[in-house]
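Note sheet for the following structure.
The values are calculated or read from the model by the stated rules, or taken from the named source; none is laboratory data. Since we're looking at a predicted model, the values are computed, not measured. We place every Cβ from the backbone using ideal geometry, glycine too, and count neighbours over all the protein chains shown.
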Amino acid sequence: MSKSPICCPPNRREFLFGLGAGLGSVALTALLAEQKAEAGPLAERRPHHPARARACIFLLMEGGPSHLDTFDPKPRLERLHMSEFVRQDRFASAMESGRRYFVASPFRFRKAGRMGMDVCEHFEHLADCVDDMCFYRGCVAESTDHPTALYHLNTGNRFGGDPAMGAWVTYGLGTVNENLPAYLVLPDVTYPQGGAANWSNGFLPAHFQGTALRNSGTPILELQPPAGVTRTQQQDNLRLLSELNREHALRHPHHQELAARMDSYELAFRMQTEVPETLNIDGETAATRRLYGIGERDSDAFGRKCLLARRLVERGVRFVQLYAGGWDSHDYIEEAHRNRMRAVDKPIAGLLKDLKRRGLLESTLVVWGGEFGRSPDNGNRGGIKVGRDHNARAMTIWLAGGGVPAGRIVGTTDDIGQNAVEVVHPLRDLHVTLLHLLGLDDNRLTYFHGGRFKQLSQTGGQVIRPLLS
């Protein structure tokens, strides 16, 4: 009996068909599933260039903290205290009336760290961390109105409606933990002025909107299924809903909100397992809780937020924003700012120390600041017990970790703290710099909308090189 002739090598079609009959089908299925995951809107993506930070924690002091009473004291104001002040800048209004007076800081300052940084006496714990921080005094904003200034700080657009910085970051980098939102916001007791538009996805797909956690009760409403509904029943319901939604999406391919809604259902299902454990800080040691000031009257609320922020970035969340309101001190700045500093001092110091000891500070960019600074005068509110007016021409923003130089002061303000005078940059340059530290190029991180490619900086900006280590 003659041997069978040797068959010709299979062509491409026959090869792929044959994969379905053996172990190759398993590998092919896995490969296709992986490719599908990579194509998802929140799939992890490579940065444009080597990143110095993999996550960002933004500590937003809503209301405009006074640089003159926190990190940038001006001795000349002590000599000018209660002498008449005449405002001469482009923010002055022709409708302003009444006399205005210079106001000296009611606080004492001490030199802290190796660099001898001036720190207000009420930042008792944060003073121990200045050698890990970079203080930037050259940033200028464009608005002295709270909602527009907050929109500008968060979205690059004073009028709202654009994507928040956290949305841009998650759009550019995706997520490393599919069981948690990539962009989380921890508001104060009340939402900031301008509301949820401060963490909106804007014109980006809805996947990139920030998820706000509630301050009391259940952090995320309806996270757990109703009583009597099992996880298997949920899966079956989601599977059916997904099939119906996909059929509908095929008929309406331009409805991006539908795809985002489908993904949000699936994310919510996955979150049921991971979110409760992540948000539960009871498992932290007593020493760690004390480090953040948890259990103390002044610092408990913000301490819990800061500890939660560490737990979130530890689990792969890209962008976490914490709000601390009450900094709009037009009256009685001594009492108001003292209370606000005591509320955030120990929690923020605890966050920096905890990140550092866990080896996370190097890869986590921490940013502190408000929507603008304060003026060297009392506005139109005479008297001795006074506060300060809004000031967009001078402010202090500090950064730590994530590739910024430690123990450095960048930029200066004039001798009364009214204007930034060295290393002066608009807010859009700060945005570009933060993106750069996270491995993103503002000129490449664009989205086509309204007939043109848009970006966080609106019209482009430049990296503030002294803020890079």
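Does Arg318 satisfy being surrounded by fewer than 20 Cβ atoms within 10 Å (Cβ to Cβ) and either aromatic (Phe, Trp, Tyr) or modelled with pLDDT of 95 or more (or both)?
no
Considering every residue within the range 104-124, establish whether at least one is at pLDDT 95 or above and among the β-branched types (Val, Ile, Thr).
Scanning the range 104-124 turns up at least one residue that is at pLDDT 95 or above and among the β-branched types (Val, Ile, Thr).
Quick test for you: out of Ser105, Ser143, pick the one residue that is without any contact (Cβ under 8 Å) to a residue 40 or more places away in the chain, in contact with a helix residue (DSSP H, G or I) (Cβ under 6 Å, 6 or more places away or on another chain) and not aliphatic (A, V, I, L, M).
From the options Ser105, Ser143, the qualifying one is Ser105.
Mind listing just one residue for me: the one in the range 321-372 that is more than 16 Å from the chain's Cα centre (by Cα) and of a type in the set (Gly, Ala, Ser) and, of those, nearest to Tyr151 (Cα to Cα)?
Gly326
Are any of the residues in the range 413-426 within 28 Å of Gly316 (Cβ to Cβ) and assigned to a strand (DSSP E or B)?
Scanning the range 413-426 turns up no residue that is within 28 Å of Gly316 (Cβ to Cβ) and assigned to a strand (DSSP E or B).
For the range 274-359, which fully contained helices (runs of 4 or more DSSP H) count at least 1 residues that are in contact with a strand residue (DSSP E or B) (Cβ under 8 Å, 6 or more places away or on another chain)? It would help to see each step written out before you state the result.
Numbers: elements: 286-291, 300-314, 333-357.
Output list reads 300-314, 333-357.
Specify the residue that is nearest to Thr364 (Cα to Cα); the eligible residues are those in the range 321-348 that are modelled with pLDDT under 95 and buried (at least 23 other Cβ atoms within 10 Å of the Cβ).
In this case the residue turns out to be Ser329.
Can you work out which of the residues in the range 192-217 that are part of a loop (DSSP other than H, G, I, E, B) and within 15 Å of the chain's Cα centre (by Cα) is nearest to Ala343 (Cα to Cα)?
Pro192
Restricting attention to the range 365-385, and to residues there that are modelled with pLDDT of 95 or more and in a loop (DSSP other than H, G, I, E, B), which single residue is nearest to Gly401 (Cα to Cα)? Steps first, answer last, please.
Here is the first cut: in the range 365-385, the residues modelled with pLDDT of 95 or more are 365-376.
Next, only the ones that are in a loop (DSSP other than H, G, I, E, B) stay: 370-372, 375-376.
Details: Gly370: 19, Glu371: 22, Phe372: 23, Ser375: 29, Pro376: 31 Å.
Ranking the candidates gives Gly370 first.
Can you confirm whether the range 433-444 contains a residue that is within 27 Å of Asp345 (Cβ to Cβ) and not hydrophobic (A, V, I, L, M, F, W, C)?
Yes.
Of everything in the range 427-456 that's part of a strand (DSSP E or B) and among the basic types (Lys, Arg), which residue is surrounded by the fewest Cβ atoms within 10 Å (Cβ to Cβ)?
By that ranking, first place goes to Arg452.
Take the conditions without any contact (Cβ under 8 Å) to a residue 24 or more places away in the chain and part of a helix (DSSP H, G or I) and apply them to Glu362. Does it pass?
Taking the combined requirement at face value, the residue does not satisfy it.
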